[in-house]
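Visitor: Take a look at this one; I'll ask things after.
The values are calculated or read from the model by the stated rules, or taken from the named source; none is laboratory data. Remember, it's a predicted structure, so these values are computed and weren't measured experimentally. Cβ coordinates were reconstructed from backbone atoms using ideal geometry, including for glycine residues, and neighbour counts include every protein chain displayed. Each accessible area value is taken on the protein alone, full model and side chains, heavy atoms only, with ligands, DNA and RNA left out. Shrake-Rupley method; radii C 1.70, N 1.55, O 1.52, S 1.80 Å.
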Amino acid sequence: MTLRNTFIAALFALATVAGAQAEEDAGQRWRQHAQEDLLPWWTQAAAQGEPVGRFPTFRCNDGSAYLAAAPCPELAQAPDWIKSELKRDYVRMQSRQIYTYAMGFHLTGDIKLLKLAQAGVADLRARALDKRTGSAASWFENGKPQPAIGMRNAQDLSYAGLGMAAVYYLTRDPLVLSDLIKLKQHIFTYQDPKTGLIRWQAKDGGNGDAQREELVATLDQLNAYLILVTPILPEGPLKRRWQEDIGKLSGAMVKRFHDADRGRFWGTRGLPDSDSADGRHNDFGHTVKAYWMLYLAARQNQDTELASQARDGMRKTLDAAWLQDSGSWGEKWRQDGSVVPHKSWWIYAELDQAAATLAVQEGDDPSRWQAAGQWWLKHFVAAPGGEVWGSVSADGNARPQLRQHHWKNGFHAMEHALVNYLASQALADQPATLYYATPATRVAARFKPYTFEGHTLSVEKLQAEGTAIQKVSIKLDRYKR
């Protein structure tokens, strides 16, 4: 080999190593995002609640909890849709914060985060769950659970299960599972025997809400607990029943809310604006989340036809939402078919998660997903202080806004970090490192890498504050042509 060829070969080898290192570092950047951008907001003392585990729904932008007697300006002058809710502490937001700590531990192994998640679950199970029916309160006002049983909407009930699902996923705690089963059984009393859909409310209350047809009433049962928990349930009748329920909900949702011709899911049915671009929940987020959940459900149930339909739907939605000029996702369709370039944090996260799933499990080109992730890290991070902004303009500017309120907590951003970490590691052909806390006296059936599949390479058994922890190296299954 000539000196010139030797030099070229050396450069090529260095470039290959640098490229591999850059790919490996991509996954670590998302772990770093969780640790340095997100968790500082949630590990502040005020976030942990009084007592610890009773997490506040509203916090000021300096991190302090809302005080009715002396509200901070950003809450005192908040829009009416926020200000009217300030007397309430929402169970769904406590549950989302439990999830945030749980998946923060999953990524980092920080035992303090797991303890916070468990404290939140203990408080939720003790206060919010009705022992007789299994129902969960939607909110607390003046210390009392509200509204009456049967008047609680199905979306709030689903998200009451999110935190329990996340903690069970990590710990296999049978007591947490027992309460989650009871909650699920109560929610399924809302199921319409004719359509198979979950109704918005069980009782009407004179306002017609029991007859409301809302996509999220059914969709969020999959999103909040069924997809995560079902694969790790012990083999037997319970697991088979949950798998059957996943299949039935999926079919009912497609039949009533899916528009195959337009490649979208409608957020409602039967309202004057249900088919309008301005209708409730008619956006890229609800559509891509519906396709993503159906895809995961179909793969669990080995329904190849539904998996294909959902895969194609995700692709179509991602194509529609992509803004080539900025390398980012849009928010929704306009009536004329154009795209609203504004960004909502949770919609952006859902689009990213669908794109990541397709890149890993279907071999789709990851370039758009990677570019969108860089846009997120550059424009969404709410620094200093932590968390991400909920709303970002097309040019990347975030207007002054609350970092946390009764519809914004840590769930979406932390799930986004976790999925992007796992996908980045898979595409770099590198194992993912995840932490679990199953009891030392029992062997978990398998360590599942969240919504992906994979095989365990190694398990390192650790102890922290009297808790058995497993540091698990998992190689994700990746599509190979």
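Visitor: Could you list, in sequence order, the residues of segment 356-368 that are in a helix (DSSP H, G or I) and open to solvent by 10 Å² or more (accessible area, probe 1.4 Å)?
Guide: Residues satisfying the conditions are Gln361, Ser367, Arg368.
For every residue, the table says whether it meets (1) surrounded by fewer than 22 Cβ atoms within 10 Å (Cβ to Cβ); (2) more than 21 Å from Trp407 (Cα to Cα).
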site: Gln118; (1), (2): no, yes
site: Ala122; (1), (2): yes, yes
site: Ala137; (1), (2): no, no
site: Gly150; (1), (2): yes, yes
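Visitor: So which residues in segment 236-254 are out of contact with any Lys or Arg (no Cβ under 9 Å at 6 or more places or on another chain) and in contact (Cβ under 8 Å) with a residue 24 or more places away in the chain?
Guide: Across segment 236-254, the qualifying residues are Leu238, Gln243, Ile246, Gly247, Lys248, Leu249, Ser250, Gly251, Ala252, Met253, Val254.
Visitor: Restrict the check to segment 396-403 and report whether at least one residue is more than 26 Å from Thr43 (Cβ to Cβ) and under 22 Å from the mean Cα position of the chain (by Cα).
Guide: Within segment 396-403, none of the residues are more than 26 Å from Thr43 (Cβ to Cβ) and under 22 Å from the mean Cα position of the chain (by Cα).
Visitor: Further, regarding this structure: Name the residue that is most open to solvent (accessible area, probe 1.4 Å), counting only residues in segment 209-250 that are more than 23 Å from Leu177 (Cβ to Cβ) and either of a type in the set (A, V, I, L, M, F, W, C) or at pLDDT 95 or above (or both).
Guide: Going through the qualifying residues, I end up with Glu213.
Visitor: Consider Glu24 against the criteria (1) modelled with pLDDT under 95; (2) surrounded by 16 or more Cβ atoms within 10 Å (Cβ to Cβ); (3) among the charged types (D, E, K, R): it satisfies all of them except one. Which criterion is unmet?
Guide: (2) is the only condition that Glu24 fails.
Visitor: Just a yes or no: is a residue in segment 428-437 of a type in the set (A, V, I, L, M), more than 16 Å from Ala34 (Cβ to Cβ) and at pLDDT below 95?
Guide: The answer is no; no qualifying residue exists.
Visitor: Please enumerate the residues belonging to segment 61-71 that are of a type outside the set (A, V, I, L, M), free of Cβ contacts under 8 Å to residues at least 24 places away in the same chain and in contact with a Pro (Cβ under 9 Å, 6 or more places away or on another chain).
Guide: Passing the criteria: only Tyr66.
Visitor: Filtering segment 444-470 down to residues that are small (Gly, Ala, Ser) and touching a Pro at 6+ places or on another chain (Cβ under 8 Å), which residue is least open to solvent (accessible area, probe 1.4 Å)?
Guide: Step by step, filter segment 444-470, then rank; the result is Ala468.
Visitor: Among the residues of segment 163-184, are any outside any helix (DSSP H, G or I), at pLDDT 95 or above and on the phi < 0 side of the Ramachandran plot?
Guide: So far as segment 163-184 goes, yes, one or more of its residues are outside any helix (DSSP H, G or I), at pLDDT 95 or above and on the phi < 0 side of the Ramachandran plot.
Visitor: If Phe188 satisfies all but one of (1) under 22 Å from the mean Cα position of the chain (by Cα); (2) of a type in the set (Phe, Trp, Tyr); (3) under 21 Å from Met93 (Cα atoms), what's the number of the condition it fails?
Guide: Unmet for Phe188, out of (1) under 22 Å from the mean Cα position of the chain (by Cα); (2) of a type in the set (Phe, Trp, Tyr); (3) under 21 Å from Met93 (Cα atoms): (3).
Visitor: Can you find even one residue in segment 185-203 that is open to solvent by 40 Å² or more (accessible area, probe 1.4 Å), in contact with a Pro (Cβ under 9 Å, 6 or more places away or on another chain) and either in contact (Cβ under 8 Å) with a residue 24 or more places away in the chain or not in a helix (DSSP H, G or I) (or both)?
Guide: no
Visitor: Is it true that Asp259 is free of Cβ contacts under 8 Å to residues at least 24 places away in the same chain and out of contact with any Cys (no Cβ under 8 Å at 6 or more places or on another chain)?
Guide: Taking the combined requirement at face value, the residue satisfies it.
Visitor: Right, another one. Provide a single number: the residues in segment 231-277 that are in a loop (DSSP other than H, G, I, E, B), within 24 Å of the chain's Cα centre (by Cα) and more than 27 Å from Pro193 (Cβ to Cβ).
Guide: Matching residues across segment 231-277 total 2.
Visitor: Residues that are touching a residue at least 12 places away in the same chain (Cβ under 8 Å): list the helices (runs of 4 or more DSSP H) wholly contained in segment 72-137 that include at least 3 such residues.
Guide: Helices (runs of 4 or more DSSP H) meeting the threshold: 91-108, 111-127.
Visitor: State which residue is farthest from Ala202 (Cα to Cα) when the search covers only segment 139-148 and only residues that are assigned to a strand (DSSP E or B), open to solvent by 50 Å² or more (accessible area, probe 1.4 Å) and in contact (Cβ under 8 Å) with a residue 12 or more places away in the chain.
Guide: Glu141
Visitor: While we're on this one: Among the residues in segment 313-328, are any out of contact with any Lys or Arg (no Cβ under 9 Å at 6 or more places or on another chain), of a type in the set (Lys, Arg), open to solvent by 10 Å² or more (accessible area, probe 1.4 Å) and under 24 Å from Lys83 (Cα atoms)?
Guide: No - not one qualifying residue is present in segment 313-328.
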